[in-house]
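Here is the structure we will look at.
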Amino acid sequence: MKAITLLASILIMCISCNCQKKAMEQSNVVAQQDQGEKLIADAQNDMIIEYEANTRGFYQKVIIQNQTISISKDRDGNDKPVPTKISDADWKQLVGFFNEVNLDQLPKLKAPTEKRFYDGAPIAGLKVTYKNKIHESSNFDHGFPPAEIKKLVDKLVSLTEK
């Protein structure tokens, strides 16, 4: 009888531990989702991304703020860009790429190519204003950003083509 009682209590203890483990895993998943939604909300309110590419015959300035994109192709400012809403899927992807970027390292990034030195590519630069602090990259070739910001810049450029 003592053996049956001992086995029953061990079985009950194992089952209750397993239930607690499952509950903890579920709460961690919910916490990660909440944190992801908070990052997206923070980025929407506190993030301004400016991307500029130019050469003698080409100019493009892209500004992303509050889930909208504005594109200007006139360096003199005569062209008034029209803000266009970014889709939720594109916005989440853009924010995800933004969160991967180390903003403090942005000015120190090295360009992988030097085509801009002989008019082989437009000169490009990325400027991020986040929580009232400005982070600006060094110049790089349009279409060939540093690896650390490649996903973000490529996504940004792809949004201009839509």
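The values are calculated or read from the model by the stated rules, or taken from the named source; none is laboratory data. If you're wondering where the values come from, they're calculated on a predicted model, not measured in any experiment. With ideal geometry, Cβ positions are generated from the backbone for all residues, glycine too; neighbour counts draw on all protein chains shown.
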State all residues of region 61-99 that are closer than 13 Å to Leu126 by Cβ and either without any contact (Cβ under 8 Å) to a residue 24 or more places away in the chain or among the polar types (S, T, N, Q) (or both); if no residue qualifies, say none.
-> Lys61, Ile63
Which one of these does Lys131 not meet: (1) in contact with an Asp or Glu (Cβ under 9 Å, 6 or more places away or on another chain); (2) farther than 17 Å from Phe97 by Cβ; (3) in contact (Cβ under 8 Å) with a residue 40 or more places away in the chain; (4) surrounded by 16 or more Cβ atoms within 10 Å (Cβ to Cβ)?
-> (4)
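Can you list the strands (runs of 3 or more DSSP E) found entirely within region 1-80 that contain at least 1 residues being modelled with pLDDT under 90, within 19 Å of Lys155 (Cβ to Cβ) and among the hydrophobic types (A, V, I, L, M, F, W, C)?
By residue number, no strands (runs of 3 or more DSSP E) qualify.
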Can you name every residue in region 128-162 that is of a type in the set (D, E, K, R) and farther than 19 Å from Ile86 by Cα?
-> Lys131, Lys133, Glu136, Asp141, Glu148, Lys150
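So if I check each of Leu126, Leu159, Leu109, which one is surrounded by 13 or more Cβ atoms within 10 Å (Cβ to Cβ) and within 19 Å of Asp46 (Cα to Cα)? Talk me through it step by step, then tell me what you get.
Details: Leu159 fails: within 19 Å of Asp46 (Cα to Cα); Leu109 fails: within 19 Å of Asp46 (Cα to Cα).
That would be Leu126, the only listed residue that is surrounded by 13 or more Cβ atoms within 10 Å (Cβ to Cβ) and within 19 Å of Asp46 (Cα to Cα).
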In region 112-123, how many are surrounded by 12 or more Cβ atoms within 10 Å (Cβ to Cβ) and assigned to a loop (DSSP other than H, G, I, E, B)?
-> 6
Taking only region 99-124 into account, find how many residues are touching a helix residue (DSSP H, G or I) at 6+ places or on another chain (Cβ under 8 Å) and either of a type in the set (Ser, Thr, Tyr) or more than 24 Å from Tyr59 (Cα to Cα) (or both).
-> 5
Residues being within 14 Å of the chain's Cα centre (by Cα) and under 24 Å from Glu148 (Cβ atoms) - total across region 68-88 | 1
